[in-house]
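Each value in this text was obtained by applying a stated rule to the coordinates, not by laboratory testing. Bear in mind the structure is a predicted one, so any value in this text is a computation, not a measurement. As a convention, Cβ positions derive from the backbone with ideal geometry for all residues, glycine included, and neighbour counts pool all protein chains shown.
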Amino acid sequence: MKTLFAFKAALFALCLAPLARLVFFAFTDRLGANPIEFVIRSLGTWTLTLLLITLCITPLRRLTGWNSLIRVRRLLGLFVFFYAGLHLLTYAGVDQSFDLSAILADIVKRPYITVGVTCFVLLIPLAVTSTNAMQRRLGGRRWQQLHRLVYLIAAGGVLHYFQLVKKDVTQPVLYGLVLGVLLGMRLWWRWQSARVLANRQPG
Amino acid sequence: MLIRRPPAIQPSEITDHDLYLNRRQFLAAAGLTLGAALIGESLQAAPSAFPNLRKSPLSASEPPNSPRDITTYNNFYEFGTDKAEPARNAHTLVTRPWTVRIDGEVKRAQSVDVETLMRWAPPEERIYRLRCVEAWSMVIPWVGLPLASIIKHAAPTSRAKYVEFTTLSDPKQMPGQRSSVLEWPYVEGLRMDEAMHPLSIMAVGLYGDILPNQNGAPLRLVVPWKYGFKNGKSIVRIRFTEQQPVNTWNRAAPGEYGFYANVNPAVDHPRWSQAKERRLGEFTKRPTLPFNGYAEQVAQLYSGMDLRKFY
């Protein structure tokens, strides 16, 4: 219990590091010539990185048998929500100065913004139902079904990144590959267990 | 015997009491002034690269961006696709000796050394707005020669309708060319009347000094009413053609980048709006002006043309 608490505390601090880095850069004049763009991009890539790390928990548990990893999944997931929120807030507030008509026009006209905002909206129910009480209220099965949305959100996040780069798609393609492996493992395991079940059925 | 004599002058008569109380700020201010003087001196010392630099009435009156902004935030894919990479990587570019091939529809094809070419017209300071297609902008004090005077020396024939500018192709000097993110070499082009326009220059310097590599040394095209990607960098070939050249970004994504690429707030990039821009160093976005604010000088070049079609 004590080690879990220490592990969680350390992970919490680690998850704050990307934000601390931006604050440090801001105070030491290291954000470059276009600081607003730097901050938005950095928050965006960290959102996606943390999301992929969150999606590593289940395969890691299976591969290592280290089941208590599940105890940090919520913490990671909520940090995804935290960074996604900061990312969106910086876009809406700092980049667009909360110009609602311009933001709405962007959401309607710019596919990458449409996708990005949709992903954020889809994250909200997952964050809201992340508490133990909500989990109990929904019941394990329904809760799990709802939280499968995360696969769609992750795919949307990669698409959002892919759509906005001008030409060099290396980074979004790398994120896409990692996501592909993480989702592929799940599909493979599902297929395996389905086959095992099917074989058990009497002729 | 000790004879105490009152000092002839009271300290307070020399130094004002308020000044004494604020002596730290005073010292800081003095330090700043001295620092500024030293920097000013070094800035003034630098223009020895262009001793007789003329100011131009075509310059914008807006305050230029800092040398740091201009030299650390560059789209120059030959040195990497991240805007901070050219400043780190462009040191491998060797800009002297540098030969430019001038051919195509000319009376006599020639290869000219950059030093010779730079004597074809007196260098001028041209402070221009630069609007990138990515919706950010800067104000840059270029040093350049009017492109028209280079063209006159090149002596194109009457068949020349366009000018094509080719960037150096050498993956040893330009590590970004080892990636196939764009088709190399980078090619840009202008219609003859655009190239002859007094606003079009061949930049050879920045802030009174020679052009840094990451900004496109030794020869960089600057056409201020067009998006930044029209400004070919590190140019090794100027070719006059009858047919419209195919510029690199147009070839890469024809639906997104045209040949003309005139700054136009009314015609959006398919993926983002061009109505506003972020001037580097400013917090809120400012509206983008038609032809980047040069409409009065250049709009007539395009009269009768559908600028939505010819984006």
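Assuming a ≥ b ≥ c are the square roots of the Cα gyration tensor eigenvalues, decide whether the range B:179-311 counts as rounded (a/c under 1.5), prolate (otherwise, with a/b larger than b/c) or oblate. It is rounded, given that a/c, with a ≥ b ≥ c, falls under 1.5.
Residues considered: A:A84, A:A102, A:A154. Largest GNM mean-square fluctuation over chain A, using C-alpha springs under 10 Å, is found at A:A102.
3J(HN,Hα) along the range B:169-179, derived from phi through the Karplus expression 6.51 cos²θ - 1.76 cosθ + 1.60 where θ = phi - 60°, amounts to 10, 6, x, 5, 8, 10, x, x, 6, 6, 9 Hz, with x in place of Gly and Pro. Per residue, the protein assembly as shown reaches -14000 deg cm²/dmol at 222 nm when only DSSP H runs of four or more residues are counted, each adding -39500 (n - 2.57). Measuring nothing but how far apart in sequence close Cα pairs (under 8 Å, 6+ apart) lie, relative to its length, the range B:48-152 scores a relative contact order of 30 percent.
Take every residue in peptide A:30-37, count the Cβ atoms of other chains within 10 Å of its Cβ, and give the average of those counts. Present the calculation step by step, with values, prior to reporting the outcome.
Numbers: counts 0, 0, 7, 15, 9, 3, 7, 7.
Average neighbour count from other chains, rounded to a whole number: 6.
When B:K233, B:K285 are sorted by how many other C-beta atoms sit within 10 angstrom of their C-beta, beginning with the fewest, the order is B:K285, B:K233.
Our coupling estimate for the range B:192-204, obtained by passing each phi through the Karplus curve with A = 6.51, B = -1.76, C = 1.60 and θ = phi - 60°, is 4, 5, 5, 5, 7, 5, x, 6, 6, 10, 9, 7, 10 Hz, Gly and Pro reported as x.
With the biggest extent put first, the Cα atoms of the range B:65-260 measure 42, 37, 31 Å across the principal axes. Taking amide hydrogens as placed 1.01 Å from N in the peptide plane, the amide H of B:K226 sits under 5 Å from those of B:V263, each at least 5 positions away in sequence or on another chain. Helix A:111-128 axis versus longest C-alpha principal axis of chain A: approximately 50°, rounded to the nearest ten.
Does the range B:110-220 come out rounded, prolate or oblate, given a ≥ b ≥ c as the square roots of the eigenvalues of its C-alpha gyration tensor, rounded meaning a/c under 1.5 and, failing that, prolate meaning a/b above b/c? Rounded, because the longest to shortest axis ratio a/c is under 1.5.
HN-Hα J couplings of the range A:169-178 from phi, Karplus 6.51/-1.76/1.60, θ = phi - 60°, integer Hz, Gly and Pro as x? Running phi through 6.51 cos²θ - 1.76 cosθ + 1.60 with θ = phi - 60° gives 8, 3, 4, x, 5, 4, 4, x, 5, 4 Hz. With a simple spin-label model that places each label point 7 Å from the Cα along the Cα-to-Cβ direction, the separation between B:D82 and B:R54 comes to 4.3 nm. Taking the 0 to 90 degree range and rounding to the nearest ten, how far is the long axis of helix A:100-109 tilted relative to the main principal axis of chain A, both from C-alpha atoms? The two axes meet at around 50 degrees. For the residues of B:253-262, the average number of beta carbons from a partner chain within 10 Å of their own beta carbon is 1. With the charge dipole of the protein assembly as shown set up from +1 on Lys and Arg Cβ and -1 on Asp and Glu Cβ about the Cα centre, the Cα lying farthest toward the positive end among the listed residues A:Q144, B:L145, B:A84 is that of A:Q144. Please give the helix A:35-64 orientation as an angle from the longest Cα principal axis of chain A, in degrees from 0 to 90, rounded to the nearest 10. Between helix and principal axis, roughly 10 degrees. Across chain A, the relative contact order, built from alpha-carbon pairs under 8 Å that are at least six residues apart, equals 19 percent. Residues whose amide H lies under 5 Å from that of B:T288, counting only those 5 or more places away or on a different chain, are B:K276, B:E277; hydrogens are built 1.01 Å from N in the peptide plane.
The modelled label-to-label distance for the pair A:I124/A:F25, using points 7 Å beyond Cα in the direction of Cβ, is 2.9 nm.
Per the Kirkwood definition applied to all pairs of different Cα atoms, how many angstroms is the hydrodynamic radius of chain A? Can you show the working numbers first?
Working: mean 1/r = 0.0529 Å⁻¹.
Roughly 18.9 Å, rounded to one decimal.
Be a star and scan the range A:61-75 for residues whose amide nitrogen sits under 17 Å from the point 7 Å along the Cα-to-Cβ vector of A:K8. It comes to A:67-75, nothing else.
How long is the gain from B:D209 to B:E115 if the chain were fully straight, where each residue apart is worth 0.36 nm and the alpha carbon distance is subtracted? Display every interim value, and only then the final one.
Details: separation 94, 0.36 × 94 = 33.84 nm, distance 1.50 nm.
That pair, B:D209 and B:E115, stretches by 32.3 nm at full extension.
Using the number of other C-beta atoms within 10 angstrom as an exposure proxy, rank A:R74, B:R88 with the fewest first.
Details: A:R74 17, B:R88 12.
Ascending number of Cβ neighbours within 10 Å: B:R88, A:R74.
Label the protein assembly as shown by shape, choosing from rounded, prolate and oblate, from the square roots a ≥ b ≥ c of the eigenvalues of the Cα gyration tensor; if a/c is under 1.5 it is rounded, and otherwise prolate applies when a/b is larger than b/c, oblate when it is not. Because a/c hits 1.5 or more and a/b fails to exceed b/c, the protein assembly as shown counts as oblate.
Pairs over the 23 Å Cα-Cα cut-off, from the set B:K276/B:K309; B:K161/B:K230; B:K226/B:K309; B:K83/B:K276; B:K55/B:K83: B:K55/B:K83. Annotation: amide H of B:H269 within the under-5 Å range of B:Q274, sequence separation 5 or more or interchain, hydrogens built in the peptide plane.
A Förster distance of 30 Å, applied to the separation of the beta-carbon atoms of B:R308 and A:S97, puts the FRET efficiency at 0.60.
Neighbour counts of other Cβ atoms within 10 Å put A:F79, A:F5 in the fewest-to-most order A:F5, A:F79. Residues within the reach of a label modelled at A:T49 (point 7 angstrom out along Cα to beta-carbon, backbone nitrogen below 20 Å), restricted to the range A:3-30, are A:8-30. In this simple spin-label model, placing a label point 7 Å from the Cα along the Cα-to-Cβ direction at both A:R200 and B:E296 gives a separation of 8.3 nm.
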